[in-house]
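Student: Got a structure for you, written out below as structure tokens; questions coming shortly.
The values are calculated or read from the model by the stated rules, or taken from the named source; none is laboratory data. Remember, predicted model here, so these are calculated numbers, not experimental data. Cβ placement follows ideal geometry from the backbone for every residue including glycine, while neighbour counts extend to all protein chains displayed. Each accessible area value is taken on the protein alone, full model and side chains, heavy atoms only, with ligands, DNA and RNA left out. Shrake-Rupley method; radii C 1.70, N 1.55, O 1.52, S 1.80 Å.
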Amino acid sequence: MNVLLLGDAESRSLGLNTEGYRLWFIVISALLAASAISIVGLLGFVGLIVPHAARILVGNDYRILLPASALLRLTVLCLSDTIGRVAFAPIELPVGIIMGMIGAWKENSYCRW
């Protein structure tokens, strides 16, 4: 993936079949995203949006981005669960509602992820 970030001409000059790898990565990522959303519903937001925030925080190197993305996903999910349990003390809000609120806030023009 790091080689594909260099661009098509540079990737081909390094001997990478760019069309083949790009198609492979698109198919695999689409299948993984579809299966995650179909199983967990609104919590799939964590797997789709948080990696973009991690990219802003740590950069484009996938050796650092993948572990940072996993840790940020865990952090966002734990914080959302904690907020859902503590914010309205006698009532526990499902974590999906909190994640939906974060997603709606992200879509607002005031958030610049």
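Student: Do any residues in the stretch 60-75 that are of a type in the set (Val, Ile, Thr) have Cβ atoms under 6 Å from those of residues that are open to solvent by 40 Å² or more (accessible area, probe 1.4 Å), where the two are at least six apart or on different chains, and which pairs are they?
Tutor: What qualifies is 64/58.
Student: Of the conditions (1) in a helix (DSSP H, G or I); (2) farther than 19 Å from residue 103 by Cβ; (3) open to solvent by 70 Å² or more (accessible area, probe 1.4 Å), residue 48 fails just one. Which one is it?
Tutor: Single failed check for residue 48: (2).
Student: Next up: Only one residue in 57, 43 is in contact (Cβ under 8 Å) with a residue 40 or more places away in the chain and assigned to a helix (DSSP H, G or I), so which one is that?
Tutor: So the residue among 57, 43 that is in contact (Cβ under 8 Å) with a residue 40 or more places away in the chain and assigned to a helix (DSSP H, G or I) is 43.
Student: In the stretch 1-40, which residue that is in contact with a Phe, Trp or Tyr (Cβ under 8 Å, 6 or more places away or on another chain) and either basic (Lys, Arg) or assigned to a loop (DSSP other than H, G, I, E, B) (or both) is least open to solvent (accessible area, probe 1.4 Å)?
Tutor: Step by step, filter the stretch 1-40, then rank; the result is 2.
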